[in-house]
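The values are calculated or read from the model by the stated rules, or taken from the named source; none is laboratory data. All values derive from a computational prediction rather than experimental measurement. We place every Cβ from the backbone using ideal geometry, glycine too, and count neighbours over all the protein chains shown.
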Amino acid sequence: MSEYDARGKVNRALLICVSDYQHLRPLPAVKDNAEELERVLVDPATDLFTKGEVRICRPQEPWEVEQALDAVTAEARGLLLVHFSGHGRVGSDGGNLQLMVGASKARHKTVSWQDLVLRYLDNARADRIVIILECCYSGNAGEAFHSSRKPMSLLMAAQPNRRVFSGDEPVGGSVFTRAVVRILGRGIPGRRCVTFEDLVRTLRDELADERTPMGDVWEPRSAQQNTTDDVVLSFATSEPRPRTPLRIRLRRWLNPFLRHWVRLLLILAIVLVPATGGIVLLSLPGEPPACRPALELRLLTAPEAEPALRQAAFAYEMSAANTRPLAGEGDYADGCRRAQITVYSAAKDQIDQGFAAAARWQGEAQGSGGGAAGDKGTDPLYRPGPQPDLWIPESSADYDEARRALPATGSPAALRNTGPVAYTPLVVGIPTTKRLDDVEPDAATWRELLTGTDADHRNLKLLRPSPVLSGTGLLHTIGLYLAHDGAALGSAGTGPDPAVADDAESRLSAPGSQYAGSTELLCSLRPDAGADAGAAAGSGAAARSAPLVSEKSLADFNLGHATGSCPAGSGPLPLRDRYAAYYPKNVPALDHPLIRVAWRGAADATARRAAVDRFGEWLRDPDGGQRILVAQGYRGVPGKDGAMPQPAKGSPLLDSRTETDPQAPVVPFTADPDQVAEVLDGYAKAQKSSQLLILMDTSTSMADGGKLPVAAAAVGRALEMVGAHHTYGLWTFPDPAHPDDPDAVRRAVPLGTADPAPGRAALARIAGGELVDHGAAMEEALTAAVRTMKQAKGTNNAIVLILDQDDGQPRRAAGVEKTLTELLKDGPDVPVLTLSMGRSGCDTFALQGLAGASKGRCVTGSPGAPDQLAGFIASIGTAAKGDK
């Protein structure tokens, strides 16, 4: 691999070190890190950075980090090195890494690795970027890092889900940074320089005998993105080193004087060129005025829309609309960003719960923990996340439902719908090899679509995002119930016909027919997804399925773009693997309204409202945000003439390989809020009560490799969905009272429980380390669970199995596997929904066989697995025809 040499270029190093904390344990070892790193970086032997190119930041507030990042990303042209030493924190799912500054307190006043640090670095002007993270859970930074566009190299102090500081380390520099300083300062024997890869490799050797505070082997991790060379970080060497090339020494000597020479040349030009016809006023270039911290806006949206809105927000931040000075804002210099936008997402039900518990949401954000008694058990600051300033749901139906969830009086949150920012019609994907006979793709009624896909015709299984979890699923359900015959939605007060609702739901009855969102649904149908995406058991499932999704998500799928947890492919899918878009007649399109969220008592409410309005205006501007959103596959909003625009140049919908129809009409949303409520009520009545048994592996191996946070998040997500008509139980294995008995399980929460609180309490104990130091015998525990659920009342029963791996094979009694197989075959059906945290994921004969025999699913452990599993759980309560 070639080497990148940044000597003589305009380089910058930002050393962020936090040793003193107001609310967290101090880190005395970090105190000397900055000075030691600066000393070695500017050492003539290292020969890379010069004095003045290294900046030290000891932040007490998050804005100090932002200001420092803003400066170095604007100045660096060659190499930009960013180092952080301090506390780190992640969510319970192991994601959302937060860097803690001096004033940080739990979730408050933190610096988001993904939303702030990476956003700045992705906009840097440097040729190469190197990041060194030394904080607890630094190994969890790799996932978000891979969405970056700039050439970056990331060094993480340890493997995922590991703490690197206990707080008891002595002063004099941390273990990790001391090792970095040694390697950069002395070089590597036999090497003329130290590259990034050299540093990683040598660090692993030097720290091989060290142990993290958790007792694990200390193993630094690394990742690289968009780079084809290896960045040189030091020219120190024990070998004879040639003198620094003359061209580099000259460039270093000239750089400090370059600005003064440019200024002098401009003055000479004015003196020597005769002025005619007036006076020429010259503003000589000087140091740009310092930018004050930008106002942070928090944009909450649906997971499907997050990538596109994140790109739009980034474009807006750098646009003239956000950087030109405005009247009355003289304290913002020209070129400084007035607002920065953090984009994050959550499922529809979590957003509804957040606004319903708005008092607790605001109280937690302010650190008071306040809230109403009815908010007990709701943790909106974890999911959905921070208090939003604006919310862009998938449709106005989501907005109506959230408003209905708000308390009648006393809510600190006020929601205002400012109108759509983008549209995307709803479609039914039909395999291109099974196009429907005598059905017009751009004007098909739901009655025709249901008939054309039934067992007497194409025999396709309809798959829908859950209307409880997804805005796409909700709007498809509104179309199924209210526009069944292709007529326009009726006036206010026209509710769904129960017979129509029952008929529609009878086609969406099988467990696994619902998903958390349209992108995860389509990801499960990718031809290369297999077991890792939770695909249905059996080959050819995609060719027998008809997904109910949006036009945009179907276009992304057919073009091979990243879809849900599935990465981008090498190009468009082959024709045989694509779906053709059929547009249900008079079904409203997703309209993505921008909802302004005002919080009572906010000191800067006026400024936030103005900032949100400016962003909304830019999003709807044909030369602004509309260009970004259209390029992502959305339809634009109507212009001044009120006409709905057709997809313009740059829209992927114009590519025939999307199998969509750019001329298909966009139907605005006209349903009354009461109609939305009646549709959801009709959906609930069409469901049967269900019972869920959560069977969780609590052996000590679950603590390795970040498995436990994902497993705990999956159980927590399932508990959000229980209630009076959807009860649960929680069993764990092995049984701590009888660890040597493979048939024993611990019944932590009895089956039939409706209150999620006992489950959350048991989960908190497990996540806190209540594990059993013994192998987990999966087949024996699952046999007991299946036997219990087969004998339980009702027919809508299911098991959620969460495990690392089956450790019972060596001592398994004869006949266990046969007994389990026979139980699964006997009626009634008890689907087993498996979350596999093991190394092989779902790609094992045993787990694929289990999914097939039980008519269940398998999901591989990942940060997105909890929501993916939630979609499958949501379909357990659906009722098949004749099962009422």
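Per-structure values
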{"read-out": "Pairs where the first residue, in region 446-465, is free of Cβ contacts under 8 Å to residues at least 40 places away in the same chain and the second is of a type in the set (Asp, Glu), C-beta under 8 Å, 6+ apart", "value": "447/485; 452/437; 457/437"}
{"read-out": "Among the residues listed as 53, 36, the single one being free of Cβ contacts under 8 Å to residues at least 60 places away in the same chain and either in contact with a Ser or Thr (Cβ under 8 Å, 6 or more places away or on another chain) or among the acidic types (Asp, Glu) (or both)", "value": "53"}
{"read-out": "Of all residues making up region 720-733, the number that are of a type outside the set (Phe, Trp, Tyr) and at pLDDT 90 or above", "value": "4"}
{"read-out": "Given (1) in contact with a strand residue (DSSP E or B) (Cβ under 7 Å, 6 or more places away or on another chain); (2) closer than 30 Å to residue 748 by Cβ; (3) of a type outside the set (Ser, Thr, Tyr), number of the condition residue 659 does not satisfy", "value": "(2)"}
{"read-out": "Members of region 621-638 that are in a loop (DSSP other than H, G, I, E, B) and buried (at least 19 other Cβ atoms within 10 Å of the Cβ)", "value": "624, 632, 633, 634, 636, 637"}
{"read-out": "Filter result for the condition that a residue is modelled with pLDDT under 80 and exposed (fewer than 11 other Cβ atoms within 10 Å of the Cβ), over 265, 254, 250", "value": "265"}
{"read-out": "Odd one out for residue 725, checked against (1) more than 25 Å from residue 819 (Cα to Cα); (2) out of contact with any Lys or Arg (no Cβ under 9 Å at 6 or more places or on another chain)", "value": "(2)"}
{"read-out": "Residue within region 414-421 that is in contact (Cβ under 8 Å) with a residue 12 or more places away in the chain and crowded, with 22+ Cβ neighbours inside 10 Å present", "value": "yes"}
{"read-out": "Out of 819, 860, 834, sole residue that is assigned by TED's automatic domain parsing to the domain that holds residue 740 and either over 26 Å from the mean Cα position of the chain (by Cα) or surrounded by fewer than 22 Cβ atoms within 10 Å (Cβ to Cβ) (or both)", "value": "819"}
{"read-out": "Selection status of residue 58, surrounded by fewer than 20 Cβ atoms within 10 Å (Cβ to Cβ), outside the structural domain of residue 707 (by TED's automatic domain parsing) and closer than 16 Å to residue 30 by Cβ", "value": "yes"}
{"read-out": "Test for residue 304: is it modelled with pLDDT under 85 and among the acidic types (Asp, Glu)", "value": "no"}
{"read-out": "Region 749-773, residues that are touching a Pro at 6+ places or on another chain (Cβ under 8 Å) and either crowded, with 19+ Cβ neighbours inside 10 Å or part of a helix (DSSP H, G or I) (or both)", "value": "749, 767, 772"}
{"read-out": "Some residue of region 570-581 being among the small types (Gly, Ala, Ser), at pLDDT below 90 and assigned by TED's automatic domain parsing to the domain that holds residue 450", "value": "yes"}
{"read-out": "Residue within region 606-618 that is crowded, with 23+ Cβ neighbours inside 10 Å and either farther than 30 Å from residue 833 by Cα or at pLDDT 95 or above (or both) present", "value": "yes"}
{"read-out": "Selection within region 660-704 - outside any helix (DSSP H, G or I), farther than 30 Å from residue 502 by Cα, in contact with a helix residue (DSSP H, G or I) (Cβ under 6 Å, 6 or more places away or on another chain) and aliphatic (A, V, I, L, M)", "value": "695"}
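Conditions tested, residue by residue: (1) modelled with pLDDT under 85; (2) farther than 26 Å from residue 861 by Cα; (3) of a type outside the set (Val, Ile, Thr); (4) not in a loop (DSSP other than H, G, I, E, B).
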{"residue": "71", "(1), (2), (3), (4)": "no, yes, yes, yes"}
{"residue": "102", "(1), (2), (3), (4)": "no, yes, yes, yes"}
{"residue": "110", "(1), (2), (3), (4)": "no, yes, no, yes"}
{"residue": "115", "(1), (2), (3), (4)": "yes, no, yes, yes"}
{"residue": "119", "(1), (2), (3), (4)": "no, yes, yes, yes"}
{"residue": "155", "(1), (2), (3), (4)": "no, no, yes, yes"}
{"residue": "160", "(1), (2), (3), (4)": "yes, no, yes, no"}
{"residue": "163", "(1), (2), (3), (4)": "yes, no, yes, no"}
{"residue": "166", "(1), (2), (3), (4)": "yes, yes, yes, no"}
